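Colleague: After the structure tokens below, expect a handful of questions from me.
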Amino acid sequence: MTLPPPRKIGAVNWIGIRTLVWKEVLRFLKVWMQTTIAPVVTTLIFLSIFTLALGRSMQVLGGVSFVEFLAPGLIMMAIIQNAYANTAGSVMMAKIQGNIIDLLMPPISPGELTLGLALGGMLRGVMVAILVGISLAFFVPLEIKHPLVIVYFALSAALMLALIGLLTGIVADKFDQQAAVSNFVIMPLSFLSGTFYSIERLPPVWQDVALFNPFFYMIDGFRYGFIDHADAPLAYGIAVTAAINAALWATCHIMIARGYKLKT
């Protein structure tokens with residue numbers, strides 16, 4: 001009996017990456033009510049609360065109504081929360097259940113493993129954002145003015161939060177620590193990033209403080225794609241998000257390559 005020749009993987013294990021991404025997608029689609037529908041309902045509740053509290057006619061910038069200003073921020077919050085939750089939950093669950101070895105044993109490099117997990121988180125974040133955007137369009141006159149800017153900041157935010165989730169999943173030893181990052185880091189940074197207000201309304205000192213929040217640039221740039229107004233220079237936001245993503249990618253890659261808290 002002649003054995004088949006060994007499969008040649010090549011410089012990049014595209015089969016492994018595709019399989020890992022598909023595994024991540026199937027994992028969150030298995031509970032689609034929780035991972036896709038629930039964020040849409042939560043976003044619509046936020047929209048209704050702020051609309052009832054402040055009114056649809058409130059003007060914010062250049063004649064843009066408050067709901068038009070608010071909607072892009074709500075879409076970005078959906079990206080932030082879901083991209084982070086996917087990678088953090090996936091790695092934490094694999095570590096606690098003891099099947100993290102299933103990710104470490106296959107012939108897939110640390111860079112490919114980082115890419116596959118990050119893409120899985122990005123897909124969930126972007127998928128939920130599209131559903132949220134479609135739902136908001138029934139209640140808010142969303143107008144896409146700079147589609148390339150919207151795509152860049154959506155993908156950049158999804159990548160950033162997927163990598164933060166991956167980093168959290170690697171470092172955390174139990175779900176309490178993962179929840180602490182979500183409750184005391186992700187949530188405050190997203191709520192205090194100009195999602196519900198323009199930083200131009202803040203005192204000068206607090207405007208300077210807001211500029212140190214990386215989430216501000218994601219939401220500000222994403223909103224610019226819809227309302228054609230940004231509180232900070234667009235090029236600065238692009239540079240900041242690109243630099244942070246590069247640093248996060250390098251950190252995750254090094255940790256996975258060394259097996260930090262993954263091989264013990």
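The values are calculated or read from the model by the stated rules, or taken from the named source; none is laboratory data. No experiment lies behind these values; they were computed from the predicted model shown. For neighbour counting, all protein chains shown are included, and Cβ atoms are generated from backbone atoms with ideal geometry for every residue, glycine included. Side chains included, ligands, DNA and RNA excluded: accessible areas come from the protein's heavy atoms. Shrake-Rupley method; radii C 1.70, N 1.55, O 1.52, S 1.80 Å.
Colleague: Could you check Leu113 against (1) surrounded by fewer than 16 Cβ atoms within 10 Å (Cβ to Cβ); (2) touching a Leu at 6+ places or on another chain (Cβ under 7 Å) and say which number it fails?
Modeller: So the condition that Leu113 fails would be (1).
Colleague: Counting only residues that are open to solvent by less than 30 Å² (accessible area, probe 1.4 Å) and not β-branched (Val, Ile, Thr), which one in the stretch 164-177 is farthest from Thr87 (Cα to Cα)? Before the answer, list the steps.
Modeller: As a first pass, look at the stretch 164-177 and keep what is open to solvent by less than 30 Å² (accessible area, probe 1.4 Å): 165-166, 168-170, 172.
Those left that are additionally not β-branched (Val, Ile, Thr): 165-166, 169, 172.
Values: Gly165: 5, Leu166: 5, Gly169: 7, Ala172: 12 Å.
Per the stated criteria, the residue is Ala172.
Colleague: Kindly indicate which of Val25, Val91 is in a helix (DSSP H, G or I), in contact (Cβ under 8 Å) with a residue 40 or more places away in the chain, surrounded by fewer than 19 Cβ atoms within 10 Å (Cβ to Cβ) and in contact with a Gly (Cβ under 8 Å, 6 or more places away or on another chain).
Modeller: Values: Val91 fails: surrounded by fewer than 19 Cβ atoms within 10 Å (Cβ to Cβ).
From the options Val25, Val91, the qualifying one is Val25.
Colleague: Still on this structure: How many residues does the stretch 94-111 hold that are assigned to a loop (DSSP other than H, G, I, E, B) and either in contact (Cβ under 8 Å) with a residue 60 or more places away in the chain or within 30 Å of Pro147 (Cβ to Cβ) (or both)? Spell out how you get there, then give the answer.
Modeller: Filtering the stretch 94-111 for residues assigned to a loop (DSSP other than H, G, I, E, B) gives 98-100, 105-109.
Still in the list and also either in contact (Cβ under 8 Å) with a residue 60 or more places away in the chain or within 30 Å of Pro147 (Cβ to Cβ) (or both): 100, 106-109.
Selection size over the stretch 94-111: 5.
Colleague: For the stretch 196-207, does any single residue satisfy the condition of being within 19 Å of the chain's Cα centre (by Cα), buried (at least 22 other Cβ atoms within 10 Å of the Cβ) and touching a residue at least 24 places away in the same chain (Cβ under 8 Å)?
Modeller: First, the residues of the stretch 196-207 that are within 19 Å of the chain's Cα centre (by Cα): 196.
Still in the running and buried (at least 22 other Cβ atoms within 10 Å of the Cβ): none.
No, the stretch 196-207 contains no residue that is within 19 Å of the chain's Cα centre (by Cα), buried (at least 22 other Cβ atoms within 10 Å of the Cβ) and touching a residue at least 24 places away in the same chain (Cβ under 8 Å).
Colleague: Name the residue, out of Phe184, Phe196, Phe222, Phe215, that is of a type in the set (A, V, I, L, M, F, W, C), part of a loop (DSSP other than H, G, I, E, B) and within 23 Å of Tyr84 (Cβ to Cβ).
Modeller: Working: Phe184 fails: part of a loop (DSSP other than H, G, I, E, B); Phe222 fails: part of a loop (DSSP other than H, G, I, E, B); Phe215 fails: part of a loop (DSSP other than H, G, I, E, B).
Just one listed residue meets the conditions, Phe196.
Colleague: Yes or no: the stretch 251-259 includes at least one residue that is β-branched (Val, Ile, Thr), more than 17 Å from Ala129 (Cα to Cα) and open to solvent by less than 60 Å² (accessible area, probe 1.4 Å).
Modeller: First pass over the stretch 251-259, keeping only residues β-branched (Val, Ile, Thr): 251, 254, 256.
Still in the running and more than 17 Å from Ala129 (Cα to Cα): 251, 254, 256.
If we keep only those that are open to solvent by less than 60 Å² (accessible area, probe 1.4 Å) as well, we get 251, 256.
Looking through the stretch 251-259, at least one residue is β-branched (Val, Ile, Thr), more than 17 Å from Ala129 (Cα to Cα) and open to solvent by less than 60 Å² (accessible area, probe 1.4 Å).
Colleague: Right, another one. Do you know which residues across the stretch 208-219 are modelled with pLDDT of 90 or more and either more than 23 Å from Ala118 (Cβ to Cβ) or open to solvent by 50 Å² or more (accessible area, probe 1.4 Å) (or both)?
Modeller: Phe212
Colleague: Among the residues of the stretch 37-84, which ones are in a helix (DSSP H, G or I), open to solvent by less than 20 Å² (accessible area, probe 1.4 Å) and modelled with pLDDT under 90?
Modeller: If the condition is that a residue be in a helix (DSSP H, G or I), open to solvent by less than 20 Å² (accessible area, probe 1.4 Å) and modelled with pLDDT under 90, then Leu47, Phe66, Val67, Phe69, Leu70 are the ones that fit.
Colleague: From the set of residues in the stretch 134-145 that are in contact (Cβ under 8 Å) with a residue 60 or more places away in the chain and within 20 Å of the chain's Cα centre (by Cα), which is least open to solvent (accessible area, probe 1.4 Å)? Before the answer, list the steps.
Modeller: In the first step, residues of the stretch 134-145 are kept if they are in contact (Cβ under 8 Å) with a residue 60 or more places away in the chain; the result is 135-136, 139-145.
Then drop every residue that is not within 20 Å of the chain's Cα centre (by Cα), which leaves 135-136.
On the way: Ser135: 26, Leu136: 0 Å².
For the stretch 134-145, the residue satisfying everything is Leu136.
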